[in-house]
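The values are calculated or read from the model by the stated rules, or taken from the named source; none is laboratory data. Everything numeric here is computed off the predicted structure, so don't read it as measured data. Methodologically, a virtual Cβ is constructed for each residue, glycine included, from the backbone with ideal geometry; neighbour enumeration extends over all protein chains shown. Surface areas here come from the heavy atoms of the whole protein model, side chains and all, with no ligands, DNA or RNA. Shrake-Rupley method; radii C 1.70, N 1.55, O 1.52, S 1.80 Å.
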Amino acid sequence: QVQLVESGGGLVQPGGSLRLSCAASGSISSSHIMAWYRQAPGQTREFVARAFGGGDTNYADSVKGRFTISRDNAENTVSLQMNSLKPEDTGVYYCNAVRLQFSYWGQGTQVTVSS
């Protein structure tokens, strides 16, 4: 079992920045792929970014150049630095850990981008 706890959400103006963090505990290891997803009101959950244990990263086209995912395998944390935020970035952001057929989710943290 893996437990994930997100933090760092909040209200920010367009063009601002936020940093989300996810603390993992339990049977977490560097072999887990760590990712961030988000879900806007009335929308399906969508992929934002992922980080592999070896350091490779992937991003959704909509956040490339603005968001940066990073993970610390020693501390079992993964972070998402979000810059140049737009209103369309608003949603609940979820941390995800995947290994083989096992997928774990955090409870989510709200990000609202509004003036």
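The table below lists the values:
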{"item": "Cα centre as origin, Lys/Arg/Asp/Glu Cβ charges: the chain dipole, Debye", "result": "60 debye"}
{"item": "For region 1-70, with +1 on Lys and Arg beta carbons and -1 on Asp and Glu, the positive-most of Gly55, Ser29, Gly9 along the dipole", "result": "Gly9"}
{"item": "Surface per residue (accessible, 1.4 Å probe) for the chain, Å²", "result": "52 Å²"}
{"item": "Accessible surface of region 1-73, 1.4 Å probe, proportion on carbon and sulfur as whole %", "result": "47 percent"}
{"item": "Chymotrypsin sites (Phe, Trp or Tyr not before Pro) within region 14-114, DSSP loop, no more than 16 other Cβ atoms inside 10 Å", "result": "Phe52"}
